[in-house]
Amino acid sequence: MKKNILVIFLVFFTTINLAYSAEKNKLLLKYKSTTSINNKASLQRGAKYYVNYCSGCHSLKYMRMSTLAEDLDIDEAIFSKNLLFNNKKIGETMTISMNEKDAIEWFNAVPPDLSLTARSKGADYIYSKLNTYYEDDLTATGYNNIALPNTSMPNVLANLQGEQKVIVDSNNYPIELEKISNGSLSDVEYNQLTNDITNFLVYVSEPAKLKRYSIGFWVLMFIFIFTIISYFTKKEFWKDVK
Ligand code: HEC
């Protein structure tokens, strides 16, 4: 009997919990990325945007620049000229030299390494983080964020996206973000830019996947051709038996 009561309690609380998180994520459901690591052009753009807009604060400590150049078909000379991370050598990983103490003083938090974020928190989380900044006078940065509420990361892409404000329901619950001023990019361009950055971080979180995909293709081709050969071999052998 005691056990039953415990089960009823557990079911009750998980249901409440699930209902709550579903509610919490309703607005976030609108922000879905469409990433494909086979889209090299998108990865190249994403890498460029990342180096321009994110690398000042966020390291990618597992990513070696030479691997990146090779995987994304970027010529090493061009890479060294345009994408080199904090003046490092191309054989090095993408760490940064920001001091943790400074970071805490400037942002109240240490910008986390983003090498594995796409795997641990999902592509949509990154995409929605970059898309759901809104004005909020109560925060230190002047902005708040739906994906990571009260984030201490500044709204670094504000001049590209423009400004948004939040619309809340009667329970003070965010239901919509509304554009209040335009940035230098159109909505479509901004969505693509943030999608490219997300795509790039998805690739970074598992660079070997690119190779696995291309190896996978040849393995399947081999099996396919081998099946045909074995079929005809079998036919040939059985001809004599009959
Ligand atoms: C000025 C420094 C700065 C820049 C530039 C910056 N960030 Fe951040 N970012 C931060 C800080 C600080 C945090 C920690 C925020 C927190 O915990 O509230 C953060 C957190 C994040 C997180 C959440 C990580 C997690 O584990 O939850 C993501 C994702 C992120 N940043 C992506 C980006 C991307 C993509 C760019 C480039 C478009 C970028 N950031 C540019 C400072 C920065």
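As a length-normalised measure over Cα pairs under 8 Å and 6 or more apart, the relative contact order of the chain settles at 23 percent.
Gyration tensor over the Cα atoms of the chain: the corresponding equivalent ellipsoid has semi-axes (square roots of 5 times the eigenvalues, largest first) of 41, 31, 18 Å. Dividing the summed -39500 (n - 2.57) terms of all DSSP H runs of n ≥ 4 by the residue count of the chain sets its mean residue ellipticity at 222 nm at -17000 deg cm²/dmol. Counted by Cβ distance under 13 Å from G183, the other residues give a net charge of -2, where Lys and Arg count +1 and Asp and Glu count -1. Here the simple spin-label model places points 7 Å from the Cα toward Cβ, and for A109 and T233 these points are separated by 5.9 nm.
By the gyration tensor of its Cα atoms, with a ≥ b ≥ c the square roots of the eigenvalues, what is the shape of region 57-121: rounded for a/c under 1.5, prolate for a/b over b/c, or oblate? The shape class here is oblate. If a paramagnetic tag sat 7 Å from the Cα of E176 along the Cα-Cβ line, which residues of region 149-168 would have the backbone N under 18 Å from that point? Answer for region 149-168: 163-168. What FRET efficiency, computed as 1/(1 + (r/R0)^6) with R0 = 51 Å and r the Cβ-Cβ distance, is obtained for S184 and K211, rounded to the nearest 0.05? My answer for the efficiency is 0.90. Summing Cβ point charges (Lys, Arg +1; Asp, Glu -1) relative to the Cα centre of the chain gives a dipole of roughly 1320 debye.
All of the numbers you see were taken from the coordinates with simple rules; none came from a lab. The structure presented is a predicted model; accordingly, all values stated were derived computationally and were not measured. Ideal geometry is used to build each Cβ from the backbone, glycine not excepted, and the neighbour counts take in all protein chains shown.
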